[in-house]
Every structure is written in structure tokens, then in C-alpha cells.
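Just below is one structure, and these are the notes that go with it.
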Amino acid sequence: MRTKSFYPALLLGVILMPLAQAQQRKRVKKPNILIIYTDDHRYSGVHALGRQDVRTPNMDALVKEGISFDRTYLMGAFSGATCIPSRAMLLTGRNVFQLDGKGHCIPKTHVTMGEAFQKAGYVTHHIGKWHQDNASLLRSFDSGDRVMGRGVYLTDHFRMPLWDWDAAGHYPREDAYLMVYNEKGKPVRRPLGGKDKKGPFGTEKNGPHTSEIFAESAVKFLKNSSKRKPFLLYLAFHAPHDPRQAPKEYRDGYPSEDIVLPPSYQAQHPFDNGHMVLRDEALAPWPRTQQVARQQLADYYAIITHLDAQIAKVVGALKESGQYDSTLIVLAGDSGLAVGSHGLMGKQNIYDEDGVHVPFVLAGGAVKEKGLRKSELAYIHDIYPTLCDLAGVPVPSSVTGKSLAPLLDHKKGMHRDYTYHAYRQFQRAYRKGDYKLIEYVRAKDHDRVRGEFEVGSRVTQLFNFKEDPWETIDLSFQPEYRELLEQMKNEMKEKAIVLGDRKENIQGEKYDFWDYYD
């Protein structure tokens, strides 16, 4: 453990309250931390950030009243369920190549955010989605409510299996329950049954939405929280993850014919990116006609707007509790989502909006500089050390992310001069300056079975993301970019070695990207 944070709590006058009391040797209460982590929520899924058709007045208010880090990214994933490594990176402050395998388990040697804040005197509480192991859940939080994702998972926001917090860390199937409406329209608990895996999706007539359930639990926690000790509340929503369900009043607010498609819309991806056949890509038919893409976006915007309304309830309860002024609110997403961009539906890619570009906002009463927009390159795993520094919590030695706190003190210097991204053994990206290189390799199907390393296809893309943020114009074949392209390819290989991007560091992969690329 580091014995001292480089940016102690509340000494950053630009972000946290001035401390005249400290000069009088009075003990200063550390700020509360409220982390709102959303699921498959791309950067442009917040209106104030991406200026798309989606309506998010309450998230927009956080942007207006806080500090937005406009170029924050998921580093990558070695799982099609990118939420697993994303959450592992958030919770451990480690990059994707430093996780234990694909991020399902967090070993004891990787000190979690919850553990670090517990040691600093915080009460830690978890609500919602948890995709890591039970042991790390138990040691990270003092308590929790409405735990989701412990072995039984129904893709239905109105019929999602939940568990009560278990102090022993056990979440057997027989303890799972659904929240449903009884004959009087009141939400009640019902044990999970075999029939729940069958039948059509639920609607608001069946039971409350996951976003409503988790927000209600957060409101309850805030109303009952003691002001004697600071808290860290990790509120992990499942929205706007598919199925893109929202109550009818929200769906009606987005007629599909009124949806404007983004510049990156395509009916079909122009080549096989290595992982085109999987669950996410089966959510809509091929080709993705404009009608299909508009409907998908309409449903996506509707569930985001519904989520936004639930976030308003949580922030409102925080204000009613009298603790808003001493709370640092974090709003962040775990990954991007294509929803028709580049002809894709899922997030199993490393395009910006489609896969890795996420919102990250610091807000709440503890933030004193309003409406600040920061353009430095950052990763999700930088959030953990940033919060430690802002709260005066020692940063564990297992954390390798880089704190953004110096940027809030207006210190000069570059936070990062590049980002590197990986998706399984198929895709790599390297971003530096105004440009982003993406490389793809794909083995022939029969070679995958035999474990041979013969390339089936290889594709290179080069984008000027400053001029072309939706990544629509590939510059890789143009002669004037040949020198830049070779330079970026060589630098990407160098960064791969520095970061440890080799198959021996990745559990479960028989081969890696570089076996093909080299």
C-alpha cells in the first residue's frame, strides 16, 4: 500500500470544498462516493456529450454541474461479454492484460476499490449487477441489496433474478427471486421457477424494471445512511443492456421514423472482423436496413431515457438526505454499443462509439468547478486511483491505472499520449495524436479447430478521429498516409510488448492476435 496519496482528499480546491476547518485542526469528513455504472452505454448515449437524439436531462445536469472526461475508453476485452473485464478494470484499477484471465475472478492480491475505501473508514454498499466472483463481492462491500448476476440470468429487465445480500457470500439458485406485481399492482417477491425461462419478454405489466428496482434500493440506502461515516455506494445498473425494454410511455417517445441515423450507419459490416456470429449480432436481421437500425436506436434511446429518470430519483434522494454537498458522484459506462453503426449491433469491436468510448463524469456537491470538459486520453481503470486521490485514500500498490487528479489541479502535462485496445485474438487498435489504427486478423475456421496459425484474412484501417469521430473514412490505402501508417504499426507492436499483450498472459486463449499478425 502507498502510505500517502499524492492528492489528499479535499486539498484540490478546484474540485472539492475548501478546508478552512483543516487549518483549525478539525477533522474533515471524507467525501461520500456514489458510483453510477451503466451497462452498454456509449458516450453518445448522453445527450449533453454526443448531441444525439437521446433525451437525458438528468445526466445532462450532471455534465453541466460537473467535470466530463470526454475521451475515456474501455481498454478492451477477452470476452464477448465485455462487461466482465470492464467491471474488473473499474474495481481493480488494472488494465485488461493484468486481470486474472478474462476478469471473472478478482484474486486477493488485486485490492478492490471497495477494500481500499473500507480500510480508509468508508461504509461500502453494492446494488445491482455483479459479474465477478462471490469472494471478491463479499470482501469489497460491507452490505448490499438486489444483487444480480449470480449464476442465473434471464435477459428480461422485467423478470430479472435477484438475490438478497448474503453475509456468507452464497447465492444459490433456490434463493433467487423475481420482483413481480400482484393482483393489486403492488411489487412483491416471487421465487424463481422453471417456467421463467420460457415465454415472451415481460413488460411493465409484469413487474418493475431493473432500473427502477436498483434505483429504489439506492434511495433506501441513502435515506438510511449514517452521516457519521462516509460511504461508497456502487450502483451498477443493467440498463441500457439488451433487451432494450422500457415502459410504453418511454417507447412512445421515440417514433422510429423520427430517428436520425449517425454517420457511421451501415447495412452490413464491410468484412469479417473475426467475431461476427454471436448473440449480440443475432439481435437484428441482416442486412441492418435503415428501418431496422432506426428501431434499434429508438429502443436504445427509450431505455436510456427511462434509466435517466431513475438516476434522477437517486440524486434527489441524495439531496433530501442532506449529503449531496459532501458527495462525489461518478457517472460512467462500461462499454460502447454499435446499435447499427458500421452494420454491427453489439460491442465486440474496438470502434469508438460501437465498442470502447464511454461517458465518465464527476459531479455532485463536492465538485466546485462546473461544466468543465477535459479532453485528455483516459481509461476506465484510471477511475479507481482518481477517486482515491480525491478522497485522500491511499492507492494500493496493485493498482496500475493513472490518476486524473492532477488534471483537476490544472497541472500542465499530458495524462496519456496514446491508448491501446484489444478485442480477443481478432482486433487491436492504437490511437495517438489525431489518428487511430485498427488491425484485424481472422483464421480460417478449420485452422481454429486444429490450432494452426494460418491467416484467413487481415484488414487494416486508419482513421483521423479528430476530423472523423464516427470512423467512416478509412485512410489506410492512401499513399500520403503510408509513412504514418508504418510508424503507427511499429509503435503498436512496441506497445503490445510493453503492455504484456501476449497469449501467455491470457487464460483460455490457445492463440493470440500476434500469432497471426507476425
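Here are the numbers:
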| read-out | value |
| --- | --- |
| Computed over the chain, Cα set: Rg, Dmax in Å | 22.5, 73 |
| With every protein chain in place, the chain: carbon and sulfur % of accessible area (1.4 Å) | 51 percent |
| Within the stretch 89-110, backbone nitrogen closer than 12 Å to the virtual label 7 Å beyond the Cα of A135 toward Cβ | 105-110 |
| Among 111-118, 271-278, the order from most to least packed when residues are scored by Cβ within 10 Å on average | 111-118, 271-278 |
| Spin-label model distance (nm) - R373 vs L154, 7 Å beyond Cα toward Cβ | 4.3 nm |
| The stretch 171-224: Cα Rg divided by the 2.2 N^0.38 Å rule of thumb | 1.27 |
| Cα centre as origin, Lys/Arg/Asp/Glu Cβ charges: the chain dipole, Debye | 2100 debye |
| Against the rule of thumb 2.2 N^0.38 Å, how large the Cα Rg of the stretch 274-322 comes out | 1.79 |
| Rounded to 5, the percent of DSSP beta bridges in the chain classed as antiparallel | 55 percent |
| Förster radius 22 Å - calculated FRET efficiency between K248 and E183, Cβ distance, rounded to 0.05 | 0.60 |
| Accessible heavy-atom area order of H125, H47, highest first, probe of 1.4 Å | H47, H125 |
| Prolate/oblate/rounded call for the stretch 288-434, Cα gyration tensor, a/c under 1.5 rounded | oblate |
| Accessible area per residue, Å², the chain with all protein chains present, probe 1.4 Å | 40 Å² |
| Contact order normalised by residue count of the chain, Cα under 8 Å, 6+ apart, percent | 25 percent |
| Rounded to the nearest 10 Å², the accessible area of V395 at probe 1.4 Å | 10 Å² |
| Fraction of alpha-carbon pairs over 12 Å apart in the stretch 27-82 - percent | 76 percent |
| Pairwise label distance in nanometres, K108 with D468, each label 7 Å out on the Cα-Cβ vector | 5.2 nm |
| P(r) weight above 13 Å for the stretch 58-112, C-alpha pairs, percent | 61 percent |
| Relative contact order (%) - the stretch 302-373, alpha-carbon pairs under 8 angstrom, separation at least six | 31 percent |
| Rule-of-thumb Rg ratio for the stretch 106-204 [Cα; 2.2 N^0.38 Å; N residues] | 1.23 |
| Over 23 Å (Cα to Cα) - which of K186/K319; K248/K370; K402/K432 fall in this group | K186/K319; K248/K370 |
| Accessible area (Å², 1.4 Å probe, nearest 10) - R294 | 70 Å² |
| Isotropically averaged projected area of the stretch 222-278, using the convex hull of Cα atoms (one quarter of hull area), nm² | 8.7 nm² |
| Heavy atoms of K495: accessible area, 1.4 Å probe, square angstrom to 10 | 50 Å² |
| Given charges at beta-carbon only (K, R positive; D, E negative), |dipole| of the stretch 155-287 in Debye | 800 debye |
| Estimated [θ] at 222 nm from DSSP helical runs (n ≥ 4, -39500 (n - 2.57)) normalised by residues in the chain, nearest 500 | -7500 deg cm²/dmol |
| Estimated inter-spin distance, I497 and F201, nm [label 7 Å along Cα→Cβ] | 4.9 nm |
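The values are calculated or read from the model by the stated rules, or taken from the named source; none is laboratory data. Model, not experiment: these values are computed from the prediction. Cβ: placed from backbone, ideal geometry, glycine included. Neighbour counts: every protein chain shown. Quick note on the areas: whole protein, heavy atoms, side chains included, nothing else; ligands and nucleic acids left out. Shrake-Rupley method; radii C 1.70, N 1.55, O 1.52, S 1.80 Å.
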